[in-house]
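Here the structure comes first, spelled out in structure tokens, and everything after it is commentary.
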Amino acid sequence: LLSIWVLAALCFAAGSDNSFIKARAFWIGEDPAATPDVHWTNYQGLLTQGYGSQPLWIKLQVKPLPNEPANLPIELNIRPGYLDQIDLYDPMYGQSNHPTVGDQFSWSNNARPTLSYNLTIPNGSAPRDIYLRIKTASTRLVEITALPPHEVTPWDRRILTQSNLIMNALIFFLLWAIYNWFTHKDKLTASFVMLQIASVCYGFFVLGFDRLYLSD
């Protein structure tokens, strides 16, 4: 049930304006530059590729926002918050200019301290392709949103509201389970309490609250 809620939250968030991103495609493998005949698969919105040991590469075709300066910072938000490693390759800058983000790396590597992973790239003056390399031991579920500065604050508020609603619902059911256990101390009720404790812990990590409070 929690996975359905998280997926619904990601789909809802994907409705944000992504006029900076014109096309998306993915490929699974070690290095597309060293692999002949790479076939990119186009996709839209939420990308789901299940579990796998090979990295997931995402190619984003971006076009500068009109009437905006080339150095305007565009923020790439990558969700959910349990991806292990995310590398960004932008032809305008070298890889060394973009610290690796992910739950195996310091929270300070992100452009801003948020529940999602984020990196900042320039608006640019001409269309270009940028690449994200994602490697994770968890399921390869990815949602990417590009935000100009004036959209960052409303986006953060919406994500935080969604995440808090899910966590509050999980805590409510946990408290309800504990109440039932005090009034009916049987094995079935005890199992329900344990299930709700696991759900709260799972939600805490999946939604990114662990990085908020336990980053160091």
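The values are calculated or read from the model by the stated rules, or taken from the named source; none is laboratory data. No experiment lies behind these values; they were computed from the predicted model shown. Note that each Cβ is placed from the backbone with ideal geometry, even for glycine, and that neighbours are counted across all protein chains shown. For the accessible areas, the whole protein counts, side chains as well, though only heavy atoms, and no ligand, DNA or RNA atoms are used. Shrake-Rupley method; radii C 1.70, N 1.55, O 1.52, S 1.80 Å.
Against the chain, whose longest principal axis is taken from its Cα atoms, helix 187-206 shows a tilt of about 20°. Each Lys and Arg contributes +1 and each Asp and Glu -1, all at the Cβ; summed about the Cα centre of the chain, the dipole is approximately 400 debye. The radius of gyration of the Cα set in segment 137-216, together with its Dmax, comes out at 16.8, 54 angstrom. Translational diffusion of segment 80-161 was estimated from the Stokes-Einstein equation, with Rh taken as the Kirkwood radius over Cα pairs; at 20 °C and 1.002 mPa s the coefficient is 155 µm²/s.
Compared with the dominant principal axis of the Cα atoms in the chain, helix 2-13 is inclined by about 40°. Protein heavy-atom surface of the chain, 1.4 angstrom probe: 60% of the accessible area is carbon and sulfur, with nucleic acids and ligands not counted. Along the chain, the longest continuous region that contains none of the chymotrypsin sites (Phe, Trp or Tyr not before Pro) in a DSSP loop with at most 15 other C-beta atoms within 10 Å is 94-216. Kirkwood analysis of the chain, using all unique Cα-Cα pairs, places the hydrodynamic radius at 18.7 Å. With a Förster radius of 35 Å applied to the beta-carbon distance between residue 61 and residue 108, the computed FRET efficiency rounds to 0.70.
Projecting the Cα positions of 49, 21, 182 onto the charge dipole of the chain (unit charges on Cβ atoms of Lys, Arg, Asp and Glu, taken about the Cα centre) puts 182 furthest along the positive direction.
Just need the relative contact order of segment 23-175 here, percent rounded to a whole number, with Cα pairs under 8 Å and 6+ apart. Show your work: numbers first, answer last.
Numbers: 282 pairs, mean separation 48.0, N = 153.
RCO, segment 23-175: 31 percent.
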